[in-house]
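Below you'll find the structure, written out as structure tokens, and then a few comments.
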Amino acid sequence: EPRPLTETKPFNLKSDVRHEVFQSQFQDKVSQEHEEEAGRFSSFHARKAPRTTSDRKSVFAPQRSSQPLTEVQNVEFNVDRRMKQRAEFDSRVAEKRASLDARRRDEEERRHEEEEEETRELRKRLVI
């Protein structure tokens, strides 16, 4: 014989009751704040504008500053300074290279002259 089916019953938890109480309190609080806000905005009244046409002393007028005007100064960029330094460096390097090349040429000429002198001496010795 088949067994009877189990009937489900909802849980009766205390947390469900607390949740419902909290939700109702929260809704009451939100609606109360909404009513207060609506009351505040409906009772807004702007202040009257100050009288400026008949009373000239109360009208705002800016005063001139007692400080001197700002003087414009020439601006020197770091790029310009660096460009000058680089040009000086390049000229010094070029001078060093030129002096080294001149030394090499002089040394080579001296060596060439010495070799020619030696060959002349050798030829003289062989002839005599």
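Throughout, read-outs are computed from the coordinates displayed, never taken from laboratory work. Quantities reported herein were computed from a predicted structural model and do not represent experimental measurements. Here Cβ is always computed from backbone atoms with ideal geometry, including for glycine, and neighbour counts include all displayed protein chains.
Overview of values
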read-out: Longest exposed-site-free window of the chain, the sites being chymotrypsin sites (Phe, Trp or Tyr not before Pro) in a DSSP loop that have at most 13 other C-beta atoms within 10 Å; value: 78-128
read-out: Extreme residue, positive dipole direction of the chain, given options Leu122, Phe41, His19 (C-beta unit charges); value: Phe41
read-out: Cα-derived Rg to Rh of the chain, Kirkwood definition; value: 1.75
read-out: Positive dipole terminus of the chain, leading residue within Leu5, Val93, Ser31 (C-beta point charges); value: Ser31
read-out: Potential lengthening between Arg3 and Ser43 on full extension [0.36 nm per residue; Cα-Cα distance subtracted]; value: 7.3 nm
read-out: Spin-label pair Glu33/Asp16, simplified geometry with 7 Å Cα→Cβ offset, distance in nm; value: 2.9
